[in-house]
Structures are given as C-alpha cells and as structure tokens.
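Below: one structure, written as structure tokens.
The values are calculated or read from the model by the stated rules, or taken from the named source; none is laboratory data. What you see is a predicted model; the values in this text were computed from it and never measured. Heads up, the Cβs are rebuilt from the backbone with ideal geometry, glycines too, and the neighbour counts pull from every protein chain shown. Side chains included, ligands, DNA and RNA excluded: accessible areas come from the protein's heavy atoms. Shrake-Rupley method; radii C 1.70, N 1.55, O 1.52, S 1.80 Å.
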Amino acid sequence: MEKTLGELAEFLGGVAVGDITTVITGVKGIDEAGTGDITFLANPKYMKFLETTAASAVIVSPDMNVPGRSLIKVDNPYLAFTKVVTIFSVGARDYFGVSPHAFVHPESQVDPECAVYPFVYIGKGAQVKKKAVLYPGVYLGDGAFVGEESILYPNVTIMDRCVIMNRVIIHGGTVIGADGFGFAHEGDKQVKFPQIGIVVIEDDVEIGSNCSIDRAALGETRIHRGVKMDNLVQIGHNVVVEEDSILVAQVGISGSTHIGKKVVLAGQAGLVGHITVGDGAIVTAKAGVYKDIAPGEVMSGFPMMPHKKWLRAMPVVAKLPELRREVDALSKRIEQLEKKATKA
Amino acid sequence: MEKTLGELAEFLGGVAVGDITTVITGVKGIDEAGTGDITFLANPKYMKFLETTAASAVIVSPDMNVPGRSLIKVDNPYLAFTKVVTIFSVGARDYFGVSPHAFVHPESQVDPECAVYPFVYIGKGAQVKKKAVLYPGVYLGDGAFVGEESILYPNVTIMDRCVIMNRVIIHGGTVIGADGFGFAHEGDKQVKFPQIGIVVIEDDVEIGSNCSIDRAALGETRIHRGVKMDNLVQIGHNVVVEEDSILVAQVGISGSTHIGKKVVLAGQAGLVGHITVGDGAIVTAKAGVYKDIAPGEVMSGFPMMPHKKWLRAMPVVAKLPELRREVDALSKRIEQLEKKATKA
Amino acid sequence: MEKTLGELAEFLGGVAVGDITTVITGVKGIDEAGTGDITFLANPKYMKFLETTAASAVIVSPDMNVPGRSLIKVDNPYLAFTKVVTIFSVGARDYFGVSPHAFVHPESQVDPECAVYPFVYIGKGAQVKKKAVLYPGVYLGDGAFVGEESILYPNVTIMDRCVIMNRVIIHGGTVIGADGFGFAHEGDKQVKFPQIGIVVIEDDVEIGSNCSIDRAALGETRIHRGVKMDNLVQIGHNVVVEEDSILVAQVGISGSTHIGKKVVLAGQAGLVGHITVGDGAIVTAKAGVYKDIAPGEVMSGFPMMPHKKWLRAMPVVAKLPELRREVDALSKRIEQLEKKATKA
C-alpha cells in the first residue's frame, strides 16, 4: 500500500501541511516510526517524540505547529490514525468455505461463502451466515446461530441455541452460554436450577479473550449492539448490557444486573446481582458496586461511593494514623483544660 | 411435556389453589410467562408482577393469597420451581459412544455407553466411565479418570492423572491440573519445582467456565463432594475445598489454603496461601483474606475484618474529609480555650 | 529411581547426617512421606511434622538438629528439594513428530524432532523448532513462531506472527496475541483500532492457564526472559514486563504499562495503563496501582500507598466508628469548656 500525504489528508478530511507528494508506505507509533511511516500524536505524554521522530508525517490536532515537519491536521488525530491504520492493514479475507477437517452436522446450515477452519464443530440445527469466520477449535452447539461477517477466534465455545448476530468479534477461549450459577437449597443439598435460557450477542459487539458469559436461567442474557468487552470478563445469567457500553478487563457482573447504554465499567470492577446501572454511568477501576447507580453518575471505591467523595476521602485514609494521634493529643489537651477549669 | 396443576402440586408435595385441571405446558420467569406457563415468586423485588403476569399458575409460599389466580403453595417456592423446570427441560441424552473424529489412545478404557464428541483427545491409560460426556476439544491427559455421568463441556483440559469422579459438571475452557505456581530461588534465577501431584474433583461438584485449578506440587489439590464453583475461579496447588462450599466468580485462592465445609466465598474475594477457613464461614465479595477464619464467621473488606465491624466502619470512611475538618475545628477551639485559660 | 542419602547429599553439595547408605526411592511432602521418601522443611509452620514424619530423610537448613533422624543439611532446603524432585520426576519426552491428526499448513516449517499432537493447527508460514511440544487443541496462527523445547499445553492459542522463544511453558487455555482493547470515538460510535502489532515471549518464561496477553496496537507486547506468570492474568496491548518478574494469579495490567526487572505483582493486583513500575518493586495482593512506582518500593492497598503506611492505616480503618465517637465526645467536652469559659 502506498499513499501520498495529499491523498491521506483528503481521505481524512484534514489539512496537509508540507509536501503533499510525500509518499507514505506504513504506519507506526511515534517512538518507532521511520522514513515512509505516518504516525500520530494525541496523548501529551508522547509530545517529546514530536521533534525527534523519524516519521515522514504526523497526524496532529489543528492547533499544533511543527516547523519543517509534514503534518495532517484533523480534529481527532486518534480517530484519523485509526482510519489510516485500517486501510494500511486490513486485507481481504479468504472465504474458503468449510475445511474437510471440520465437523459439520448434516442438519446445520452453513453459508458457502464463509471460513470454517479445521477442528471446528458445528452442531445440529446450527446456522453460520455469509462471511462468518470460525477459527480452529470453535464449538457451535445445537441450534446456535452466527451472523454475517462475525469472527469467532480459536477455541471459542458457543453453547446450544445461543445467538451471535452480525459483525461480532469474539476472541480466543471465550465461553458464551455456559450454565448460569443457580442452585436451590434442599436442606443441606444444593439442587441445580437447569439453565434453559440463552445468550444473545447483538451486532457489532466485540468480546475479549477468555471471557465467560452465562446463559439465562430462563429467558435471555443479552449484550446489545456495539458493546465492547475486554478480556477475562464475567457476565452472570440474565444480565443485560445495553448499547455501546464498555467493559474493561476482569470486570465481574452478577446475575440479573442491568447495565444501561454507554456505561463504562473499568478494570476489575465488581457488581452484585439484581441491580441497575443507569445510562452513561462510569464505574472506576476495582470499584465494588452493591446497589443501583443513577444515570450519568461516576462511582468509585470499595464499597463504592460518588467519585468526588472518594477522591477526597482516600488521602485521609492514608493519613489516618496521624489523625488518630491528633485526636489522642486533643483529648489530652482537653483533659488539661478540664482539670484547670475544675480547679478554677 | 404437559402436566395439570393438580399433578404438579402432588409432585411437589404442595397445595393447589384454583382449578387443578389447568394445563401447564411450560416454565418461564414471572415477567415473561404466558398462558400455559407456570412461574414462581420468591424474591420480593418481583412481587409487582404477581398481579399482572399472564402465567397460568404461580408457585408461592404458603402465606400468600392472590384471589382469582391459580397457585401452588409450598414452603420453598424456588426449590419447587427448580424441580418443575427440571422435569420440563432435561431430556434424555444420546450416549452415542466414541466419535470416529475423536482421538482415543489404544491403551485407554472408555465405557461404550458414553458420548465422546469429535476432536476429543483421550490419553494413554485414561479412563472414561459409563454415561460420561466429553464435548469437542476436551483433552484428557495420560492416566486421567472421568467418572460416571460426568460432563466435560467444550475445550475443557484435564491434565494427566487427575481424577474427576461421578456426576461432575465442568464448563467450557476450564483447566484442571495445570502446574501449580512454585519456584525455588537460586541466586537471581527461579528454578521450577516440578508439580507432580494431582487434582481430585469429587462427586457432584460443578465448576464454571474458564476456571484454573492447579495440580498439587506433591500430593493432591482436592475439591470435595458437592462444591459449586462459578466462572473464572483460581485455585492454587494443594488447596482443599471441603463439601458443599460455594465459590462465586473470579475468586482466587492461593496455594495450600484449606476451605472448610459449606463455606461461601463471594465474587472476586482473594485468599492468601497456607491459611484455614472454618466450616460455614462466609467471605463477602472482594474481601482480602490474609489469615485464618474461624468456623461460622462472616468476614468482609480489604483487608478483611468482621462483617459487622466493616458495616460500621465503611460509612465513616466515606465521611473522612468531614471528620478531618471537624478535628481541625476542634483543635482551633481548644487553642482558643487554652489561650483563654492561660490569660485567666 | 533409587539414590542413597550420601549420593543425594553429594548431588546437592550438602552435608549428610545419619546413615549415608539409606535408600531413597521417592519424594513427598513432610506430612505424607513414608519409608523410602525424602522430604524437606523450609516453612516453620510445618516444623511440628519434623518429629512425626515417617520419611526416611529430611532436607533441612544447617542450623537444624534432629537426633536420630537422617538429614541433608543445605543452605536452601526448598531449592535443594526442588532439584531432588526434578531428578526423581522428570522423564524423557517422546518427540514423536507430527500426529497425522494435526493440521499443518504445507508452507509452515516444523522440526521433525518435536511433538505435535492431534487437533493442533499450524498456520501458513508458522515455525516450530526442535523439541517443541504442542498439545491437542493448540492453535498456531500464520507466521507464528515456537522456539526450541517450548511447551504449549492443550487449547493454547497463539495468534498470527506472535513469537514464543525457547524453553517457554504456556499452560492450558491461555491466549497470546488476541487484539488489544483499543477504540477511537467517532461521535457516539466506537471505531476499532486495528491491532497490528505482535506479542513476543522470551526465553524461559512460564505462563499459567487461561491467561490473556494481547498483541500490541503497533509494535510489540513483550514478556522478557525468565518472567513467571500465574493463572488468569490479563496483560494489555504494548505492555512490557522485564526479566525475572513474577505475576501472581488474576493480576491485570492495562495497556502500555512498563514493568521493570524482578518486580513482584501479587494476586489480583490491578495496574492502570501508561505507567512504569521500577525494578525490584513489590505490589502486594489486590493493590490498585494508579501511578508510577519507583524501583524497590513496596506498595499496598486500594488506592495504593507505601506498604508501611498501609500497615499503619488499615487498623485505624477498622476502628473508625470508635474514632468517630471519640471526636463527638471531645466536641461535647469542648462545648462544656467553652460554656464555662464564657460564664467565667
């Protein structure tokens, strides 16, 4: 792939600064780019590299000026760079059909324009739509569904009847539709509640590696359109995550909890079951969420509290021994005063 | 499947209220049930649905009365509903034997009445007992054992010599018997301690998806009868978990720790190694357990403290800035008093 | 295997105490060892077993004396025992070559002296070097590399172009090189940044089961020589972990964070992205790391603080209700004093 600075600026709807015939042949980070590479600057932490980078061009925000350097100025340099990386890196896929080393149940339906690798198992009544890609070791249970252009990376497990819609990406080792964790007590014994619901993953969702998303006890566990989930995330049965929410690595959500739209749950946050997190709420890293969160709220800490409160409280925690000592000292001074007052 | 209200009441040992000839054809949650469905009410949060549900019958506790609605009254509605769901949903399995697409070592022993799916690997000297089910991608190492009616879901790994007893359920992607994390130090270098012990999973244990249960360094890691484990749980080498304990998602237990009977470890709790948690103890979500817990104790927080203490302490944490300010104000008032006292 | 006490003492460079012709035929833990076994004592918790163990010999530190018991005295009993276990347990591997049930792309290079089990997938341009072992269900993407004597346990996924150097051990279910978690925002929509970098795992690294190590956005995610990683660990894109660091189970590291040499990150610790942890630093269990850590520092708690500070602060947290009450009481006493002072 080869593009000129001018062509890229036009593609991005940005302004080229410098020689528009400069040839760009690759994309790299600002600290490792060389001749022919285009890079970008968005995080101020990397500003120091702007002078020294060997890149042939840098995508920057409109207010930035670097004499003698070829630039493309755009409102959102990271987004622009994302688009450039995409055209430089995403190649055409080979939809080779079904490998003879895969196992495909005769009563399943697999679109011929797909890529089903060796050692994939497709169960009875399962459906695989156009341009779906199933990497080695993928398991598709009876009656499961994989929509168009969805990609299941190696060793992904989709249990029976679960639905993966279109343009979904699921990374290696993730398990969709294992039984939820539900037991009734009969005296000392725990009796398994059969988990007969399903999981639905809607369009344009991306799920990281080694996640666990349990099927509903009854009804559905549902991940709505556009949700992005990082690695090692735990989703209990009957959870709903609404559109465009972001779940960072190692988050855990207990059963029947409802996450609204555009919510952010940061890394290692944990949520109890049967609660509601409102649209646009943010839960910061490692927070322990034990009750509902209203829309737009930012919550932090374990147990959680409003983020601003937490920011003020935590420095005091670190200095509690001093506070403890101060109170002891005050107590003694009061004692002295009381003695004097009694004498007086 | 079709049952009358009267038949189900008899099956459950409960009392039918309303027309005992009402026909029940399915099971659903109270908010989605329709004609022909039976549902249940146990969580008071869902009480509002009792009037509006379209269900043909509801399983409730004996004290509940809903004029005009068909009911089954039982002491434990959730348990009763669990039993109804079980008879409505659990079908007969097809023990088709060993798929020709599986790899079975000639020196292994596999009961003919089993289900070994394509792409299963069964190692030398391994044993698979009657009515065991091994889904695609299961690996059974040399000398490993799977007991009667146990189910290993897709891509489960059982390393060599590990023992899975009877009626065990292990969900997708879980790894049993990988090496424990043990290294000796030789100067700067870390020398691997060969992990030559095994893992034993006793009868009626259920283990979630993508868990890691390490083999012992020497001896055994043992999960006793009836333990229920959620997803993404970490169990270090030589850990013992006794009967009927419950481990919720993302719990982590370090090496050689001993968990008693009927213990509950809630989500994301973490336990250091070489400690003992007594029978019936409860560790609440996200707790950090750094020392022994006596039987029956309830512990919370990070670092952990008795639950009641924690419940009292945490609200004060959230208001530490106010406490800090109050102490400063008191200090000033004391200063004033001291000045006055000196003058006087 | 059979060795005399004298032979073992010589092998270890230690001092034999007792009958040097005592025959040792096995290795066991001190609480389960019997006749013929050698065991060791390092953790004082197990001292009580020293008198009662049925072991034929015990490896101890030089200062220990147990009349009537055969001993080997060495400076580091755990290291010595590790070496003894190694010679008693590690057998010769069978490098049987490539199973006819594996899928090996014709344009890959696989050394004939290797062990590639059934249901392994080796992609186009991939390389597998001498004495590498790939267990069932391993996926090796196009252009991936596995060095000499490296072992990939069942269902390990190595995505395209990732590099696993020599003598690396990766336990079951781990995913190396899935896409990092990177999205640009375009209005409400999230646009995937193509993750075109790789992962490099250097010599002598060991990685636990069900870990997720993401490929770089651009450039590399790199785990340097000798790093040891436990189970269920999350490593974000472009993270670097330098030589000989130790990452305990369920640790999570966000993107672009740099971990120095000989760092210890204890269980369930979480680190934000784009920070630096200096050589030799220690982060204790469950800590929340939100900024750089200087070399050699020990940090604890959530949010993290210096370990010593944390040790002093936490006991005060548990007693905050008392402190709260004391301050209230002081306030009342001051009020009394103030009233008196006003009157006076």
### Task
Could you tell me whether any residue of the stretch B:210-227 is more than 9 Å from every other protein chain (Cβ to nearest Cβ), open to solvent by 10 Å² or more (accessible area, probe 1.4 Å) and touching a Ser or Thr at 6+ places or on another chain (Cβ under 9 Å)?
yes
### Task
Residues being more than 30 Å from A:Lys343 (Cα to Cα) and without any contact (Cβ under 8 Å) to a residue 12 or more places away in the chain: count how many of those fall in the stretch B:314-344.
11
### Message
Here are the criteria: (1) closer than 25 Å to A:Leu271 by Cβ; (2) open to solvent by 10 Å² or more (accessible area, probe 1.4 Å). Tell me which single one B:Ala287 does not satisfy.
### Response
(2)
### Cβ pairs under 6 Å, 6+ apart, first in the stretch A:76-100 and touching a residue at least 60 places away in the same chain (Cβ under 8 Å), second open to solvent by less than 70 Å² (accessible area, probe 1.4 Å) and part of a loop (DSSP other than H, G, I, E, B)
A:Ala80/A:Val74; A:Ser89/C:Pro194; A:Ser89/C:Ile196
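Looking at this structure, is A:Ala55 over 29 Å from the mean Cα position of the chain (by Cα) and assigned to a strand (DSSP E or B)? Break it down into steps so the answer makes sense when it comes.
On the way: over 29 Å from the mean Cα position of the chain (by Cα): yes; assigned to a strand (DSSP E or B): no.
So A:Ala55 fails the test.
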### Task
Check the stretch B:148-162 and report whether any residue there is more than 14 Å from chain A (Cβ to nearest Cβ), surrounded by fewer than 18 Cβ atoms within 10 Å (Cβ to Cβ) and either in a loop (DSSP other than H, G, I, E, B) or touching a residue at least 24 places away in the same chain (Cβ under 8 Å) (or both).
yes
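Filter the stretch B:253-269 down to the residues that are open to solvent by less than 10 Å² (accessible area, probe 1.4 Å) and of a type in the set (Gly, Ala, Ser), then identify the one that is nearest to B:Asp230 (Cα to Cα). Explain how you work it out, then say what you get.
The first filter runs over the stretch B:253-269 and keeps only residues open to solvent by less than 10 Å² (accessible area, probe 1.4 Å), leaving B:253, B:257, B:259-260, B:263, B:265, B:269.
Then keep just the ones that are of a type in the set (Gly, Ala, Ser); that gives B:260, B:269.
Values: B:Gly260: 18, B:Ala269: 12 Å.
Checking each candidate, the answer is B:Ala269.
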### Single residue of the stretch C:254-271 satisfying the filter (more than 14 Å from chain B (Cβ to nearest Cβ) and out of contact with any Gly (no Cβ under 6 Å at 6 or more places or on another chain)) that is nearest to B:Val272 (Cα to Cα)
C:Leu271
### Message
Can you report the number of residues in the stretch C:304-321 which are more than 9 Å from chain B (Cβ to nearest Cβ) and either part of a loop (DSSP other than H, G, I, E, B) or open to solvent by 70 Å² or more (accessible area, probe 1.4 Å) (or both)?
### Response
5
### Message
Just to verify a result, which residue in the stretch A:110-138, among those that are open to solvent by 10 Å² or more (accessible area, probe 1.4 Å) and in a strand (DSSP E or B), is farthest from the other protein chains (Cβ to nearest Cβ)?
### Response
A:Gln127
### Message
Taking the criterion of being facing chain A (nearest Cβ under 10 Å) and among the hydroxyl-bearing types (Ser, Thr, Tyr), would at least one residue in the stretch B:272-293 satisfy it?
### Response
yes
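Among the residues of the stretch C:80-109, which ones are of a type in the set (Ser, Thr, Tyr) and either buried (at least 21 other Cβ atoms within 10 Å of the Cβ) or part of a loop (DSSP other than H, G, I, E, B) (or both)?
C:Thr82, C:Tyr95, C:Ser99, C:Ser108
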### Message
Please verify whether A:Thr342 is within 21 Å of the chain's Cα centre (by Cα) and either open to solvent by 20 Å² or more (accessible area, probe 1.4 Å) or closer than 20 Å to B:Ala329 by Cβ (or both), treating the condition exactly as stated.
### Response
no
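Have a look at A:Leu232, A:Leu247 and point out the one that is within 13 Å of chain B (Cβ to nearest Cβ) and out of contact with any Phe, Trp or Tyr (no Cβ under 7 Å at 6 or more places or on another chain). Before the answer, list the steps.
Working: A:Leu247 fails: within 13 Å of chain B (Cβ to nearest Cβ).
Going through A:Leu232, A:Leu247 in turn, just one is within 13 Å of chain B (Cβ to nearest Cβ) and out of contact with any Phe, Trp or Tyr (no Cβ under 7 Å at 6 or more places or on another chain): A:Leu232.
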### Message
C:Ser56 - would you say it is open to solvent by less than 40 Å² (accessible area, probe 1.4 Å), in contact (Cβ under 8 Å) with a residue 12 or more places away in the chain, facing chain B (nearest Cβ under 10 Å) and farther than 30 Å from B:Ile275 by Cβ?
### Response
no
### Message
Testing B:Val327 on (1) closer than 30 Å to A:Gly273 by Cα; (2) among the aliphatic types (A, V, I, L, M); (3) outside any strand (DSSP E or B), one condition comes back false. Which one is that?
### Response
(1)
### Task
Output the residues belonging to the stretch C:173-191 that are within 19 Å of A:Ser209 (Cα to Cα) and more than 7 Å from chain A (Cβ to nearest Cβ).
C:Thr174, C:Ile176, C:Gly177, C:Gly180, C:Gly182
### Task
Could you list, in sequence order, all residues of the stretch A:18-43 that are part of a strand (DSSP E or B), among the β-branched types (Val, Ile, Thr) and facing chain C (nearest Cβ under 10 Å)?
A:Val27, A:Thr39
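Within the stretch A:230-243, work out how many residues are of a type in the set (D, E, K, R) and either farther than 19 Å from A:Val298 by Cβ or open to solvent by less than 20 Å² (accessible area, probe 1.4 Å) (or both). Let's see the steps before the verdict.
In the first step, residues of the stretch A:230-243 are kept if they are of a type in the set (D, E, K, R); the result is A:230, A:242-243.
If we keep only those that are either farther than 19 Å from A:Val298 by Cβ or open to solvent by less than 20 Å² (accessible area, probe 1.4 Å) (or both) as well, we get A:230, A:243.
Total satisfying the criteria: 2.
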